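So the structure is just underneath, and the comments pick up after that.
The values are calculated or read from the model by the stated rules, or taken from the named source; none is laboratory data. The structure displayed is predicted, hence computed values, not measured ones. Protein only, heavy atoms only, side chains kept; ligands, DNA and RNA dropped before computing areas. Shrake-Rupley method; radii C 1.70, N 1.55, O 1.52, S 1.80 Å.
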Amino acid sequence: MTVGLSPIAHSQELLHPNQCSSLPGFSSFDACLSLTHEVRILQRPRLRASTSSLHIKAGFDNVNASSLRASLLAKHTPSYMVHWVSFFLSKGACTLVFQVSPNLPSPVSVGTPQGSPISHLLFFIYLAPLHSVIPTGIMLSYVDDFSITVASDSQWGNIRCLQKIFIDISERGKNLGVSFSISKTELIHWGIPSQRTPHTTAPIELDCHLFRPSRVVRWLGYWLTPALTSTHHFCHRLTLAQAAFSFVKRLSSPGTGIRPFLCHPITQGLLLPILSYGTRLFTPNSGALRGMNSFWPRVQRWTTNGFYSTPTSILSGKFVLPSLSPTADTGDAWQP
C-alpha cells in the first residue's frame with residue numbers, strides 16, 4: 001500500500017514540497033541544505049534572517065482517522081485506498097500475553113503506529129495543511145520537526161513575523177489535534193560577515209512563553225551557528241565518536257568481548273558514521289581536522305591491533321578505510 005500511495009500523494013498534492021524524510025530522494029541532509037541555502041539567499045539583499053524551530057508533541061499518536069480520510073477524499077484518492085487507510089487506523093487491537101492470561105484482543109486508538117512502513121507517509125499527509133507560503137522566508141519540516149525562517153530589515157521585524165506565523169500554525173494545528181513542544185522550541189538570528197550591529201538578545205513570546213535567541217541550535221543532528229560555521233558541529237561529532245570508541249573498547253578487552261575480526265565492521269558501521277555525519281553539508285576547517293586526525297589513528301591502531309610506533313601511512317593501507325582528508329572535487333570528507 002505504501003508503494004501505491006506514495007506516487008499518488010505526490011501527483012495529487014497530498015504532500016507539501018517542503019516536507020522531507022521517509023520520502024524517496026529526501027533526507028535530513030536535504031532539509032538542512034535547503035535551510036542553509038535559503039538563509040544565504042535571504043541575506044544577499046542585506047536582510048536579517050531569523051529561524052524558529054518547532055517540534056510537534058506526540059505527533060503520531062494524534063493522527064485523527066476521520067480528518068485524514070477527509071483529506072484523502074478531497075484530493076480524489078482512490079476509494080479502495082481510503083477504505084484501507086480508515087480500517088488501518090480505526091481497527092487497532094492490543095493483546096496482553098502473560099501467564100494464565102485470557103489473550104483477548106482489546107480495541108485501542110493510538111493514531112498511526114510508528115512501526116508500520118506506511119505510518120510516516122500517512123503522518124506527512126496529515127500534517128501537510130500546517131505548511132504555508134511565507135513571502136520572505138520558508139517553512140521546512142522533517143517528520144515532526146519544523147523550521148520557520150523569515151527575513152526583514154531588522155531582527156525585531158523577524159520576531160514579530162515569527163510570532164504571527166506561530167499563531168497561524170498553532171490555530172491550524174488545533175484543528176488537527178496537534179500542538180508544539182515548548183521545551184524543544186528554539187530561536188536563532190543568522191549573522192552576516194558585514195554586519196556591524198550586535199545581535200539582539202530580545203526574547204520572542206510564543207504561546208505565553210519567552211524564548212531567547214541561541215548562539216547554537218541543533219536541528220536534525222546538525223549543530224548550526226549564526227555564521228553557519230562547521231567548528232561547533234564537528235567538535236560535537238568528535239566528542240560523540242570518542243565516547244562511542246571508549247565504550248566499544250571496554251567491551252573488547254584482550255581475550256574477552258568483541259572478536260578481533262569484528263573490529264573493522266564496528267569501526268566502519270559505528271564510529272565512522274558518527275564522526276563523519278554532516279560532511280555533505282559542512283567542510284571541516286583546519287582546527288576540526290586537527291582534532292579528528294589525532295583521534296582517528298587511535299581507531300586505526302585498535303582496529304588493526306598495530307603498535308603505537310607504526311606510522312599512520314602504514315595503518316591507513318592496512319586499515320582499508322580512508323584517512324581523514326577532504327576531497328578536492330566535492331569538499332566532502334571521509335569518502336570510502
Worksheet item: Of all the accessible heavy-atom surface of segment 112-173, with the other protein chains kept in place and a 1.4 Å probe, what percent is carbon and sulfur?
Response: 59 percent
Fill in: Candidate lysines - alpha carbon under 25 Å from K249, same-chain residues fewer than 8 apart omitted
K318
Practice prompt. Using Cα positions and a limit of under 28 Å, work out the lysines in reach of K184, with same-chain residues fewer than 8 apart set aside.
Written response: K57, K164, K174
Item to complete: Please report the Cα spread of segment 89-142 along all three principal axes, rounded to whole Å, starting with the longest.
Response: 63, 17, 14
Discussion item. Need one number: the % of Cα-Cα pairs in segment 90-231 sitting beyond the 18 Å mark.
Written reply: 67 percent
Worksheet item: For segment 2-82, what is the convex hull volume of the alpha-carbon atoms per residue, in Å³?
Response: 137 Å³
